[in-house]
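Take a look at the structure below.
The values are calculated or read from the model by the stated rules, or taken from the named source; none is laboratory data. Worth saying up front: this structure is predicted, and the values here are computed from it rather than measured. FYI the Cβ positions are ideal-geometry reconstructions off the backbone, even for glycines, and counts take in every protein chain you see. Heavy atoms of the whole protein, side chains included, go into the accessibility calculation; ligands, DNA and RNA do not. Shrake-Rupley method; radii C 1.70, N 1.55, O 1.52, S 1.80 Å.
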Amino acid sequence: MASTKSSKSRKGIAVALAVLGVAGLSLASASQLTLTGTPQLQAGVKDVAGCQTTSIAVAFTTPVITSGDYKSASLTLTSFDAACTTALAKYKVALLDSTGTIVQETTAANVTTGVATIALTTATPANISKVAVTIFS
């Protein structure tokens, strides 16, 4: 009787191992990826002559008390060079925290002379450590 029970246990273990093996092969084949087509990649370098030669001043607007805390509603960028406006350049602003994570980013806007005002919608002065401005055309 012990040999019959032992034989059944071995058969059960063999069946379980076979099922696990088939499942493993199924997972392995599911992770394969076949690519088709003729992919292309291009790279190049071009010297960039920037239109902005002077510094851009960044400042927070006058803070007002909101919910018991002083907060600025926006920040300002001043002194875009006139060469950027005549070149029909655009700019974007990214506000970053101390780890370099973007806390707010603007959409592209046309460079104009005077003051550009960026509304603080998701960022607050307390979580802004860096202001990144890019000018492009």
* Residue check, T117 open to solvent by 80 Å² or more (accessible area, probe 1.4 Å), assigned to a strand (DSSP E or B) and in contact with a Leu (Cβ under 9 Å, 6 or more places away or on another chain) -> yes
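Taking the criterion of being open to solvent by 30 Å² or more (accessible area, probe 1.4 Å), aromatic (F, W, Y) and under 23 Å from the mean Cα position of the chain (by Cα), would at least one residue in region 127-136 satisfy it? Write out each step before concluding.
Just the residues of region 127-136 that are open to solvent by 30 Å² or more (accessible area, probe 1.4 Å), to begin with: 127, 129-136.
When the remaining residues are screened for being aromatic (F, W, Y), the result is 136.
From what's left, under 23 Å from the mean Cα position of the chain (by Cα): 136.
Yes; the residues of region 127-136 include at least one that is open to solvent by 30 Å² or more (accessible area, probe 1.4 Å), aromatic (F, W, Y) and under 23 Å from the mean Cα position of the chain (by Cα).
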* Structure fact -> Checked against (1) touching a residue at least 24 places away in the same chain (Cβ under 8 Å); (2) exposed (fewer than 15 other Cβ atoms within 10 Å of the Cβ), T101 satisfies every condition except (1)
* region 66-92: number of residues that are among the hydroxyl-bearing types (S, T, Y), modelled with pLDDT of 85 or more and more than 13 Å from I135 (Cβ to Cβ) -> 4
* Asked: Among the residues of region 30-40, is there at least one that is hydroxyl-bearing (S, T, Y), at pLDDT 80 or above and outside any helix (DSSP H, G or I)?
  -> no
